[in-house]
1. Per-residue ellipticity at 222 nm for the chain, helices alone: DSSP H runs ≥ 4 residues times -39500 (n - 2.57), over residue total, nearest 500 deg cm²/dmol?
2. Can you pull the one-decimal nm distance between simple spin-label points at GLU110 and ARG9, each 7 Å off the Cα toward Cβ?
3. Considering only DSSP states other than H, G, I, E and B, which trypsin sites (Lys or Arg not before Pro) in the stretch 1-82 qualify as loop sites with at most 10 other Cβ atoms within 10 Å?
4. Just tell me which lysines come within less than 27 Å, Cα to Cα, of LYS92; anything on the same chain fewer than 8 places away is out.
5. Based on the Kirkwood radius over alpha-carbon pairs, what value in µm²/s does the Stokes-Einstein equation return for the translational diffusion coefficient of the stretch 38-114 at 20 °C and 1.002 mPa s?
6. In nm², what is the average projected area of the convex hull enclosing the Cα atoms of the stretch 1-92?
7. Give me the distance in nm between label points sitting 7 Å out from Cα along the Cα-to-Cβ direction at TRP94 and ALA160, one decimal.
8. I'd like to verify something in the chain: which complete DSSP H helices, judged by Cα projection on the helix axis, reach 30 Å or more and average at least -1.0 on the Kyte-Doolittle scale?
Amino acid sequence: MKQLRRPARRALLVVHVSVSVAWLGLSLGLLTLGITAYTTQDPSLTEAAYRAMQVFADWLLAPVALLTLGTGLVLSLGTPWGLARHRWVWIKFWITLATAAATIFALRPEITHAAAAGVPDLSLVAAPTVSTGAYLFMTAISVLKPWGPTRRGRRLRESARFRKTVDASAPLRRA
């Protein structure tokens, strides 16, 4: 994929960060509702909390997860960071893919089941806890950019240096 132009890259970055923050906030909201439903002694509050979780799950979880994955993928492929050039980008991609799949195929059905049953479910505390931790970890590595380039990234960097050296010596050979 060719490099994104600056205005497109910046606009896409704003969308990506916004939906990523929304996903983190949504996860924290689901965690709060899950804890409330699990710890309360009031069955009507348990049912209400699970119904609220179901509204978020039905309307927001899948679109936010897929938009985060999609914008991140386009950004990685359309910028010098690349998808497989730096370990932190590669790790973020796989964690985002795994959490999006878990959100869509496991968490949403579990929320639907809990809303219908109306009984406390510890998995609806555990799942948002794990996802919140994953999103916070991805935020940290986005800011810190640890671990350096991948093997592919090092190879691409070396070939770029070689091309630069060859191009710099080209005028000397012509003389």
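1. Values: 7 runs with 136 residues, N = 175.
Theoretical 222 nm ellipticity from helices: -26500 deg cm²/dmol.
2. It works out to 3.9 nm between the two label points.
3. Numbers: sites: LYS2, ARG5, ARG9, ARG10, ARG51; in loops: LYS2, ARG5.
Passing sites in the stretch 1-82 are LYS2, ARG5.
4. Of all the lysines, those that pass the test against LYS92 - Cα under 27 Å, at least 8 places apart if same chain - are LYS2, LYS145.
5. Values: Rh = 14.2 Å.
Answer from the Stokes-Einstein relation: 150 µm²/s.
6. Numbers: hull surface 27.3 nm².
Value for the stretch 1-92: 6.8 nm².
7. Taking the simple label geometry, TRP94 and ALA160 are separated by 2.3 nm.
8. Working: long enough: 6-39 (49 Å, 1.09); 123-144 (31 Å, 1.48); 151-174 (35 Å, -1.49).
Helix filter hits for the chain: 6-39, 123-144.
Values in this text are rule-based calculations from the coordinates and carry no lab data. Note that this is a predicted model, so its numbers are computed, not measured. Because the Cβ atoms are built from the backbone with ideal geometry, glycine has one as well, and the counts that use them run over all protein chains shown.
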